[in-house]
Each structure stands twice: as C-alpha cells, then as structure tokens.
Amino acid sequence: MSHKRSGLLPGLIVGVLSALVSAALLGAAVLFQTRLPAAVIAFGNGHPLSLASSLVVALIVALAMGAVRPRSILLIPVAALYAGGAMAAGQIAGSSIMIGSTLRTPPAERGPADLSDITLDNFSAGLPYAPALYRDPLSVSWAAWLYIAVAALAALLLLTLRVARVRRAQRAQAAEAEAESSEPEYRAPFEPAQAPTPKPTTDLFTPRNQTKD
C-alpha cells in the first residue's frame, strides 16, 4: 500500500541531486565572495558567513529529501553525509577555481572573479592546493571542519523531525482506517439483527396437514 512506502530510494536520489546543487552553489559563493562588501566578509573573521552557508546547504538537502515524505530512518544519517559532503565539495571546488585563476593570471591583470574564471584549467591548476583546507593540522583547519559538522548536524536534525512527523501522520491514518473498518454495521431503528427465516411456499404437490374431526 502507498502509505507503507519508506521513501528510501526516492530520498537517496533526491538527496544526491540536492547535494550536487548545494555544492555548486557553495562553490560559486566561495569564488565570488570577493564581490561582497568587505565589511560582510571581514565580520567575525568570516565565520558567521560560512556558518550561514552551512545552514543553507543543510536546509536545501533536508527539504529536498523531506519532500518525498520519507519513513525510513536510514535516510537520516545519509542526509548528514550528503550535507557534509556537499559542504566539503563546494569549498574545494570554489577554492580550486579561485586558486587556479590566481596562479594562471599575472598579478597586474587580476580582478574580481567572474564567470570566465570557471574553467577546467583553473580547477585543475588549483585542485592540488585546495584540499589543504582539511589536510592541515586541526589547529589551522578547525574552521573548515566546523562548517562541515554544522551542515551535517543541521541536516540530520531537520530530517529527523520530518521523518518523525511523517511516521506519526501515517500511524494516525492507519489507526483511523482500522477504526473505521471495525465499526459495527448500521441498522435502522427496530430493524432485527437477523432477518427472519422465510417460510416455504406451498404448491399442489405439497402434502397438507389434515385436521381430525
């Protein structure tokens, strides 16, 4: 029955697509962050802005996976993995293109990032350097790991609430359907519980009781 579907397979597929979209959006945000006002970038050493990006990634993944009305609890840790992976992939992709563009462009010709910087050559040139965000000692790379942890935890909590709500609603529907099926059949007032047994009809060949005089 449709109300018993776990939503596992649709949730996995939608989760992958939403993670890819989130990674692409985050990569673009990392690349074009220099176009933001300096006060926004420098506020709190950039941590509030990055934490807000983590929450946006978690929200996109959780809402997309929750749209399929999932019942399977297996999707909850998967959502955390998707959100954390999207956060890491977006940071690495955006940083790779930004670093590659810097390496391939003379300092005198460098300007704010634009769409022309998004090339495979820039990505390939900067890719060896971008993972240093996570390979450095934790005392240096803690911020990058924190953003991943926030995205994963937020997605986990959001999808947990969604799965719990869906399971609760479907249990209520099942209980209501069971109650309706177990209700006694309606009878009109004064209607007997069992129909009277019809008397056999007589014909010419049916012997009749003869009365004695």
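The values are calculated or read from the model by the stated rules, or taken from the named source; none is laboratory data. On a predicted model such as this, the values are computed, not experimentally measured, just so you know. Counting neighbours? That spans all protein chains shown, and the Cβs are built from the backbone with ideal geometry, glycine included. Remember, those area values only see protein heavy atoms, side chains included, never the ligands or the DNA or RNA. Shrake-Rupley method; radii C 1.70, N 1.55, O 1.52, S 1.80 Å.
Okay, here's what the table says:
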item	result
Check on Ala67, closer than 17 Å to Arg165 by Cβ, of a type in the set (A, V, I, L, M) and either in contact with a Leu (Cβ under 8 Å, 6 or more places away or on another chain) or open to solvent by 40 Å² or more (accessible area, probe 1.4 Å) (or both)	yes
Segments classed as helices (runs of 4 or more DSSP H), wholly inside segment 1-113, with at least 2 members that are of a type in the set (S, T, N, Q) and in contact (Cβ under 8 Å) with a residue 40 or more places away in the chain	8-31, 47-66, 75-104
Single residue of segment 70-88 satisfying the filter (open to solvent by 50 Å² or more (accessible area, probe 1.4 Å), closer than 18 Å to Val16 by Cβ and hydrophobic (A, V, I, L, M, F, W, C)) that is modelled with the lowest pLDDT	Leu74
Residue in segment 156-179 that is within 20 Å of Leu36 (Cα to Cα) and surrounded by 13 or more Cβ atoms within 10 Å (Cβ to Cβ) present	no
Ala39 vs. criteria at pLDDT 90 or above, open to solvent by 50 Å² or more (accessible area, probe 1.4 Å) and either touching a helix residue (DSSP H, G or I) at 6+ places or on another chain (Cβ under 8 Å) or not β-branched (Val, Ile, Thr) (or both)	no
Conditions (1) aliphatic (A, V, I, L, M); (2) open to solvent by less than 90 Å² (accessible area, probe 1.4 Å); (3) modelled with pLDDT under 75; (4) over 33 Å from the mean Cα position of the chain (by Cα): number failed by Ala125	(3)
Pick from segment 125-171, criterion charged (D, E, K, R) and free of Cβ contacts under 8 Å to residues at least 24 places away in the same chain, ranking: farthest from Ser22 (Cα to Cα)	Arg171
